[in-house]
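Heads up: the structure comes next, in structure tokens.
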């Protein structure tokens, strides 16, 4: 994984609330908030639990494992920087722990990605501060 | 609070969509439609005492209702803004009725429109999102394509869960195009297509093809919503608001409760219940069709078929104005065009035309009750309306 220079795609802005998520990603750890009162896993990061409004939240490490909840293959991107990636896989992954997140499936030919395919987090280092959380297949091949 | 019988649509105005604004501004397009609607209702400027504006996507000044009121020479006793994406236009209608019920006004102008330049459409969308919001921090880095990627995800999961096919989705686009060929104001008037045309068009976001995706264009629409007591001597028969339902569930797609079950399951039921009708009573489904899959999901969630059977339903039924189950007889946004949020208004305007016998060549023989749906974001914002030509 190399640090790209001249990266032209949108990057996240770190805020006081989401900083622990991106600092985890930089260390190649996928972590999300968990509510100390109701046990809800929370994604995206918030200053309170969107389920019970408790502010008793802890950051917890996820297994990094999940499944493709759905995917689409982008053939016609419109945002600068993505043209050279097309066709690329844009997906919603459901983590084993429950939360869903938007991501890209990488290292998988576009005709082999499937709904419910098992995946595991794969971090792409972009800048010294930012690594994006992407996913790759967690099994070598998909049959059927 | 039931709004049944409170108010009626007494006039509409709608510009023919165009690819190029021709030097006209969003304000000018909206105002032109507004003037047409006031005339259509047989009213004068002084009669209009309420205003609800759907927030244009490309132009969002502060205190927008006053900007629009000033341009139109109005001094309304109720002025509001609705920002529910594609559901905004439907949202203006029940809010107008609620304001009437509250005694704030008698004749409300509901406006939407856009003079977007198709060449810069996608850049405009991006510029609106401030840092810190979920869509910018947790979606944008992964390459979404406005709403296209969201509906690609929805279509893919619907195919997985229910076996919906690409041919079934394409059938929606084909039938809507047949309808557009009976609507001289439609963008794709005179250009019929086949299922092979749809499936042969470029794949934009697999599994969705170019001809399954709305085309951004310019235009505007306006409706006059009048107090029921003041809607008895208007030039056209009043089209009554019989029921409504609204729900907002999320903003970004990873927070959607489901990708295949929309909040329409809730909003349609609320609307039917208020109107005292069932899906079997409906003569016209005028439903938000930003993508072909949205028609299939709406037909399911609004109760016209079982959940998951939307694909076979559109395959087995003729959705044209000549058919056994008419849907979007104006061509839908897929073939009429999507002039910003006036695209969502096109479903209401068409329902009014059909219910009042003004639909010309595509007029349905029996049309007394219409189900209208507005859908915003990624099945995020839903507004369902029941409109009828009698109480």
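Every number in this text was worked out from the coordinates using simple rules, so none of it is lab data. In this text the structure is predicted, and so the values were computed from the model without any measurement. Don't worry about glycine lacking a Cβ; one is built from the backbone with ideal geometry, like all the others, and counts go over all protein chains shown.
Kindly work out what percent of the DSSP beta bridges joining two residues of chain B are antiparallel, to the nearest 5. All intermediate terms of the calculation are to be shown ahead of the outcome.
Details: 37 of 52 bridges.
That works out to approximately 70 percent antiparallel.
Give the average, rounded to an integer, of partner chain Cβ atoms located within 10 angstrom of each Cβ in A:86-93.
Working: counts 2, 3, 2, 3, 12, 4, 10, 1.
The shielding value for this peptide is 5.
What full-extension length gain, to one decimal in nm, is calculated for residue B:75 and residue B:322 as 0.36 nm per residue of separation minus the Cα-Cα distance? Intermediate results must be reported in sequence, preceding the final value.
Working: separation 247, 0.36 × 247 = 88.92 nm, distance 4.43 nm.
Additional length available on full extension: 84.5 nm.
Starting from the Cα gyration tensor of the range B:292-384, take the square roots of the eigenvalues, sort them a ≥ b ≥ c, and report rounded, prolate or oblate (rounded when a/c is under 1.5, otherwise prolate if a/b is larger than b/c, else oblate). Could you put the intermediate results ahead of the total?
Working: a/c = 1.73, a/b = 1.13, b/c = 1.53.
The shape class here is oblate.
In nm, to one decimal, how far is the residue B:315 label point from the residue B:191 one, both placed 7 Å along Cα→Cβ?
It works out to 2.8 nm between the two label points.
Where a ≥ b ≥ c are the square roots of the eigenvalues of the C-alpha gyration tensor, would you call chain A rounded, which needs a/c under 1.5, or, failing that, prolate if a/b is larger than b/c, or oblate? List each step's numbers first, then the result.
Working: a/c = 2.01, a/b = 1.34, b/c = 1.50.
Oblate, since a/c reaches 1.5 and b/c is not below a/b.
Under 19 Å from a point 7 Å along the Cα-to-Cβ line of residue B:117: which residues of the range A:78-105 have their amide N that close?
A:78-80
Can you tell which of B:35, B:67, B:248 shows the greatest fluctuation in a Gaussian network model of chain B with Cα springs below 10 Å?
B:67
So if we plug the beta-carbon distance of residue A:28 and residue B:233 into 1/(1 + (r/R0)^6) with R0 = 51 Å, what FRET efficiency do we get, rounded to 0.05? Walk me through the numbers on the way to the answer.
Numbers: r = 72 Å, r/R0 = 1.42.
FRET efficiency, residue A:28 to residue B:233: 0.10.
Students often get this wrong: which residues of the range A:72-116 have the backbone nitrogen under 20 Å from the point 7 angstrom along Cα-to-C-beta of residue A:51?
A:93-102
Most mobile of A:16, A:91, A:131 per a Gaussian network model of chain A (Cα springs, under 10 Å)?
A:16
Label residue B:273 and residue A:38 with points 7 Å out from Cα along Cα→Cβ: what is the distance between them in nm?
2.3 nm
Pick from B:104, B:351, B:228: which residue has the top mean-square fluctuation in a GNM of chain B where Cα pairs under 10 Å get a spring?
Per the Cα network of chain B with a 10 Å cutoff, B:104 tops the list.
Is the shape of the range B:49-119 best called rounded, prolate or oblate, per the rule: a/c under 1.5 gives rounded, else a/b larger than b/c gives prolate, else oblate, with a ≥ b ≥ c the square roots of the Cα gyration tensor eigenvalues? Walk me through the numbers before you get to the answer.
Values: a/c = 2.58, a/b = 1.53, b/c = 1.69.
It is oblate, given that a/c is not under 1.5 and a/b is not larger than b/c.
By how many nm would the segment from residue B:63 to residue B:249 lengthen if fully extended, with 0.36 nm per residue of separation less the alpha-carbon distance?
Full extension from residue B:63 to residue B:249 adds 64.4 nm.
Starting from the Cα of residue B:258, move 7 Å in the Cα-to-Cβ direction to define the label point; list residues of the range B:309-338 whose amide nitrogen is under 20 Å from there.
Residues passing the 20 Å test: B:309-314.
How many Cβ atoms of partner chains, on average, are near each residue of A:103-112 if near means within 10 Å of its Cβ?
Working: counts 5, 3, 0, 0, 0, 0, 0, 1, 1, 0.
Counting Cβ atoms of other protein chains within 10 Å of each residue's Cβ and averaging gives 1.
Residue A:63 to residue B:25: FRET efficiency via 1/(1 + (r/R0)^6), r the Cβ-Cβ distance, R0 45 Å, to the nearest 0.05?
Working: r = 54 Å, r/R0 = 1.19.
Once the sixth-power term is evaluated, E becomes 0.25.
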